[in-house]
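Nothing in this text is a laboratory measurement; each read-out follows from the coordinates by a stated rule. Worth saying up front: this structure is predicted, and the values here are computed from it rather than measured. Every residue, glycine as well, gets a Cβ built from its backbone with ideal geometry; the counts of neighbours run over all protein chains shown.
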Amino acid sequence: MVRLRALLLGLMVAAIAQGCSDPTRVMDDNTEIANHNWSYVNRVKYDVDIADNNIPYNLYFNVRVTGNYRYSNMFALVKMTSPGKKTLVTRYEFKLAKPDGEWLGSGTGNMYSYQIPIRKAYKFPTAGKWHFEIEQNMRDNPLHEVTDAGLRVEKAQ
């Protein structure tokens, strides 16, 4: 009886965990920024395996800042390197606050989180391991009050 209960509990937990998974997610990872000071040289780096280059993907910049972040925007360089070592670098401006100073991200306490589209319905030219590097590109170096930065890649629906 105890074994049956344990088995049923295990199956329930597995079913709940499976139901909570995100089937579109290829990767979603964030890197903590040391001392909340993001320097140019401290790029966040990720390798992403693109299994099927025939389907479109959405790419997002993840960032989290404190309420003491000084700006309403953030500039960043996103470097994409293909499996064949071709590199594309794009500079983006990400809006983080309204003109009146109200934060646009979701907030808890003094932290504001953002998941901002970089590319929508993007078809990778080739399958394989793609390398991404994200570098802050503001005038301030280091850029203060940035706690995390990252990347999400998902299959477009």
Loop-located chymotrypsin sites (Phe, Trp or Tyr not before Pro) in the stretch 47-119 whose Cβ has at most 16 other Cβ within 10 Å (DSSP): Tyr71
With at most 13 neighbouring Cβ atoms within 10 Å, loop trypsin sites (Lys or Arg not before Pro) (DSSP) excluded, longest segment of the chain: 1-69
Where Cα atoms sit under 15 Å apart: lysine pairs in the stretch 24-155 separated by 8 or more or lying on different chains: 7
Estimated translational D of the chain in µm²/s (Stokes, Kirkwood radius over Cα pairs; 37 °C; 0.692 mPa s): 188
Angle between the chain longest axis and helix 2-20 axis [Cα atoms, degrees, rounded to 10]: 30
Value of relative contact order over the chain, rounded to a whole percent, pairs C-alpha under 8 Å and six or more apart: 43
Neighbour cut-off at most 11 other Cβ (10 Å), DSSP loop, GluC sites (Glu not before Pro), the stretch 82-143: Glu102
Label-point separation, Ser106 to Glu93 (7 Å along Cα→Cβ), nm: 2.7
